[in-house]
Amino acid sequence: MLYEIATLTVKLGAAAKAVAGIGEYVEASEAKGTLLGCWASELSDLNQLLVLRSFADHEAWRSERERALRSSNPFGAGEAITQMNFDTYAPFPFLPQVTPGKYGSVYEIRTYRLKHGGVAPTIAAWEAAIPERVRLSPLSIAMYSLDGPPRFTHIWPFASLDARAAVRAESVAKGVWPPKGGPDWLTGDMRSVIALPTAISPLA
């Protein structure tokens, strides 16, 4: 199983039309991936749509990436898109596959740059910590990058920004989070996007 986040920067005021195009594009007969999430950025860089899809294997992923790169109308939103970025991931192996459903009105998509050699110890630290952490709020997915510099991304749903702040404070106060030893492998380069589910998002 592979995951991909396509980050599409769109023209001001074009998001709704772009989302409709994305919905048709990912459901087309020739599409290879499975749409799991489609969010609009709210805090961080604006006018971005983040599209999370899963792929059964490398061949399906490669075919779909080429489809986007060769198309004059990628994601059915070519006129609206000003920039496309792709990140390919493998899931932390102890986690279940992403399960679509209604989990919250606010999603945090957070990426940490890792020191070299940090992938394996980070996965181990998370595996030890996640059972207690998800008692406080669910985790959609945690995954490590297969391209570019070493890094990992995790996606968490929350009922609201206030709920996010409360859960984060509680997890630290209880010693549940961050995972013990996990921060030792971070470079300090970390980015977070607060995003809202769009009308086509299976994670909502």
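The values are calculated or read from the model by the stated rules, or taken from the named source; none is laboratory data. On a predicted model such as this, the values are computed, not experimentally measured, just so you know. Methodologically, a virtual Cβ is constructed for each residue, glycine included, from the backbone with ideal geometry; neighbour enumeration extends over all protein chains shown. These accessible areas exclude ligands, DNA and RNA; they are computed on the full protein's heavy atoms, side chains included. Shrake-Rupley method; radii C 1.70, N 1.55, O 1.52, S 1.80 Å.
Taking the accessible area of the range 1-147, probe 1.4 Å, and keeping the other protein chains in place, the carbon and sulfur fraction comes to 52%.
Working value for the range 21-124: equivalent-ellipsoid semi-axes of 25, 18, 15 Å, each the square root of 5 times a Cα gyration tensor eigenvalue, largest first. Distant-in-sequence amide contacts of Ser201, defined by a placed amide H-H separation under 5 Å and a gap of 5 or more residues or a different chain, comprise Cys38. The figure for His154 is an accessible area of roughly 10 square angstrom, using a 1.4 Å probe on the protein chains alone. How much net charge surrounds Leu161 when only other residues with a Cβ under 10 Å from its Cβ are counted (Lys, Arg +1; Asp, Glu -1)? Once positives and negatives cancel, what remains is -2. Please label the shape of the range 79-189 as rounded, prolate or oblate, based on the square roots a ≥ b ≥ c of the eigenvalues of the alpha-carbon gyration tensor (a/c under 1.5 means rounded; beyond that, a/b larger than b/c means prolate, else oblate). It comes out oblate by the Cα gyration axes. Shown in residue order for the range 198-204 are the 3J(HN,Hα) couplings computed by the Karplus curve 6.51 cos²θ - 1.76 cosθ + 1.60 at θ = phi - 60°: 8, 5, 9, 6, x, 8, 9 Hz (x for Gly and Pro). Between helix 119-133 and the chain there is an angle of about 70 degrees, using the helix long axis and the longest principal axis of the Cα atoms. Looking at the chain, the accessible area is 49 square angstrom per residue; that uses a 1.4 Å probe and ignores ligands, DNA and RNA.
When each of the peptides 189-201, 33-45 is scored by how many other beta carbons lie within 10 Å of its residues on average, the order from highest to lowest is 33-45, 189-201.
Backbone phi angles across the range 148-160, fed through the Karplus curve with coefficients 6.51, -1.76 and 1.60 (θ = phi - 60°), yield HN-Hα couplings of x, x, x, 6, 9, 10, 9, 10, 10, x, 9, 5, 6 Hz in residue order; Gly and Pro are listed as x. Take every pair of alpha-carbon atoms less than 8 Å apart whose residues are at least six positions apart; their mean separation over the length of the range 19-157 yields a relative contact order of 22 percent.
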